Number of protein chains: 2
Amino acid sequence: MSDSTATRIVLAARPTGAPTPDDFRVETFQVPAPRNGQVLLRNRWLSLDPYMRGRMNAGRSYAAPVEIGEVMDGGTISEVVQSLHPAWSPGDLVLAHAGWQTHAVVDGESLRRKLGPAGLPVQTALGVHGMPGFTAYAGLHEIGKPQHGETVVVAAASGPVGATVGQIAKLHGARAVGIAGGPDKVAHVRDDLGFDVALDRRADDFAEQLAAACPDGIDVYFENVGGKVFDAVLPLLNDFARIPVCGLVAHYNDTAPPAGPDRVPQLMGAILSRHLTVRGFIQRDFIALYPEFVREMGQWLRDGRVRYREDVVEGLENAPEAFIGMLAGRNFGKLLVKLD
Amino acid sequence: MSDSTATRIVLAARPTGAPTPDDFRVETFQVPAPRNGQVLLRNRWLSLDPYMRGRMNAGRSYAAPVEIGEVMDGGTISEVVQSLHPAWSPGDLVLAHAGWQTHAVVDGESLRRKLGPAGLPVQTALGVHGMPGFTAYAGLHEIGKPQHGETVVVAAASGPVGATVGQIAKLHGARAVGIAGGPDKVAHVRDDLGFDVALDRRADDFAEQLAAACPDGIDVYFENVGGKVFDAVLPLLNDFARIPVCGLVAHYNDTAPPAGPDRVPQLMGAILSRHLTVRGFIQRDFIALYPEFVREMGQWLRDGRVRYREDVVEGLENAPEAFIGMLAGRNFGKLLVKLD
């Protein structure tokens, strides 16, 4: 291998505010041959996730930024085409981090799970049975710790993290209050996912609706958006409430801090007087839990105790538009790109 | 008992901003006779602590506010004068919460430790060997968790919490960086308490000095003040830093939030991207640790491994002025009122 031509999407420019199509560039490239220890992958599915917006900036985020001209970062379901690593064979379907491209040569050591006939669609390994689902699982297990009868609130509740947070909270005997944007998503969260209450964050009286939905206050707020949802949550937090922070998508396109007053003293005062725990994390921080997650979530999915929804876009060339839409809340469920 | 006349200080008015002498009123009163299960106390030492400012407000704090006309709240070292409770006898010296008054009748069940010949001055049970010392001990033990070689930063480092935080951090093998107001306090923190570095928060280039004092970043910031110190700390916090929050004295007299921009998104972004843990607490949250603290700290004090400084005011009538001064940083060490 290989004289075949592959396609990739690279970062063309660092966005100011919301990304635009011009910040991405589609390129064709010759796939290099794998060397010893490497494997050649053909990507089948690409995951699009909010964290990628952080990688487009020059500044510090979870990890090093993507450099201009580099292929965009991303989790994939990939097929092994050629292997010079003993653990992998042609035809294996694997969970990889092979980026926004049709083919990639990667170190065999970097590959994660081999995906077999687990009774689940393989692409769930990018969603409810993968990074977003594990984010929900680990954040609740290690930080949120919902107890029977407590109230758990999560935003972006039709997305892959939020949907899973609420359903796991229910499995722990907690009340789940989900927040979503628009009537279709709200109906999905309530009727399909089984949250106790679903609210539309766009409602004029959203803060009042949230207060009414949480008559005993909020014990766990799983923070993945920030912005006005957080503002409505803060006054409702109970003493000893836990706030796992895994995302702030409402702010990822901010170009300047919002107007004052400065509410940092108010937030710190609430943390102090109400004994709050606010903790930022990514799922990798709790990687020791991952095997347990794969096993337990797999069973929940096969039993139908946890449900999920996918939003599938066909073709790598449509990834930028889909990604831009996701940051504006236009996806409905786990956003995936199916590669031909 | 008792036809003797006692003195107390009551809350005369709720302050707006910094308290003034007019917010307090000195009263004489007839000491009531204890009933069954009660004891009559004569207070020997009164502790003055920043948390009392919160109790003067009508709003929610750690605990219910002091009502107008009620005696001000406070920890005391008291002598049992008369006891109708089997656990206590006349002459016992006890740790109590008998408030800003010379005498009190309290339930025998409410009394805490009996203070005996532990080789320590009894009034340390209100400071380094009591609530402030336990705040430092518990906050580090349960939240800060300083590791060998890590950098621990604390403000109000000549006060009873901050002084103890730095010294315990050193006992854990961490570097201790203390912040205080003015050259005398800075010298005390460095030379008497043995912090690795002591800085004056009033210096024009304080933020630059702090950065220079923390070349490997900050792993634990023990938050007891807020304000500009927190602003200088935030950019220096390492990934996975821990921030126990036990006080925000820089803000207790605030009457309005500071001018913008609103930095809550910036703070939440730092919590997310640097995996920070920010947790509010009071020492009571970790009361199960208290016996271990009394034993271990007692030994450290007798061994001279932990030092402390007291700022003693004579006479109950001087408590309001001393308390007002403490909120402005005019005390130097643990502030105590010695009652005649």
How large is the dipole of segment A:253-326 about the Cα centre if only Lys and Arg carry +1 and Asp and Glu carry -1, each at its Cβ, rounded to the nearest 20 debye? 540 debye
Are there trypsin sites (Lys or Arg not before Pro) in segment A:118-223 that DSSP puts in a loop and that have at most 10 other Cβ atoms within 10 Å, and which ones? none
Using the charge dipole of the protein assembly as shown (Lys, Arg: +1 at Cβ; Asp, Glu: -1 at Cβ; taken about the Cα centre), state which of A:PHE240, A:HIS103, B:LEU120 has its Cα farthest towards the positive end. B:LEU120
So, counting K/R as plus one and D/E as minus one, what does the shell of residues with Cβ under 12 Å around B:GLY333 add up to? +1
Mean separation of Cα contacts under 8 Å (at least 6 apart) over the residue count of chain A, i.e. the relative contact order in percent, is 17 percent
For a bin width of 20 Å, list the pair-distance distribution of chain B built from all Cα-Cα distances, rounded to whole %. 30, 56, 13, 0
Compute and list, largest first, the equivalent-ellipsoid semi-axes of segment A:219-326 from the alpha carbon gyration tensor, each √(5λ) rounded to a whole angstrom. 31, 24, 12
From the label point of B:ALA259, set 7 Å from Cα along Cα→Cβ, how far away are the matching label points in the other copies, in nm, ordered shortest to longest? 1.5
Working note, the protein assembly as shown: Cα radius of gyration (Å, one decimal) and Dmax (Å, whole number) are 29.4, 105
Determine the relative contact order of segment B:131-284: mean sequence separation of Cα pairs under 8 Å and six or more apart, normalised by residue count, in whole percent. 22 percent
Closest-to-axis residue of chain A (Cβ criterion, axis taking A to B), whole Å: A:GLY260, 1
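Where the only charges are on Cβ atoms (+1 Lys, Arg; -1 Asp, Glu), what is the dipole of chain B about its Cα centre, to the nearest 20 debye? Mind showing how you got there, number by number?
Details: 33 positive and 39 negative charges, 106 e Å.
The dipole magnitude comes to about 500 debye.
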Put a point 7 Å out from Cα along the line to Cβ at B:GLY59; what are the distances to that point in the other copies, in nm, shortest first? 2.8
From the label point of A:LYS338, set 7 Å from Cα along Cα→Cβ, how far away are the matching label points in the other copies, in nm, ordered shortest to longest? 8.4
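Taking the Cα centre of segment A:131-284 as the origin, how large is its charge dipole in debye, to the nearest 20, when only Lys and Arg (+1) and Asp and Glu (-1) carry charge on their Cβ atoms? Before the final figure, lay out each step's value.
Working: 13 positive and 17 negative charges, 84 e Å.
My answer is approximately 400 debye.
What does the net charge come to around A:GLU208 if you take all other residues with beta carbon closer than 15 Å to its beta carbon, with K and R at +1 and D and E at -1? Don't skip to the end; give the middle numbers.
Working: positive: A:ARG201, A:ARG202, A:LYS228; negative: A:ASP200, A:ASP204, A:ASP205, A:ASP231.
Local net charge: -1.
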Between Rg and the Kirkwood Rh of segment A:131-284, both from Cα atoms, what is the Rg to Rh ratio? 0.94
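Is segment A:218-266 rounded, prolate or oblate when judged by the Cα gyration tensor, a ≥ b ≥ c being the square roots of its eigenvalues, rounded requiring a/c under 1.5 and prolate requiring a/b larger than b/c? Working shown, then result.
Details: a/c = 2.61, a/b = 1.42, b/c = 1.83.
Note, shape of segment A:218-266 comes out oblate.
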Where does chain A land at 222 nm, in deg cm²/dmol rounded to the nearest 500, when only DSSP H runs of n ≥ 4 count, each adding -39500 (n - 2.57), divided by all residues? -6500 deg cm²/dmol
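Each reported figure results from applying straightforward, stated rules to the coordinates on display, with no laboratory input. These figures come from a predicted structure and were not determined experimentally. All Cβ positions, even for glycine, are placed from backbone atoms using ideal geometry, and neighbour counts span all protein chains on display.
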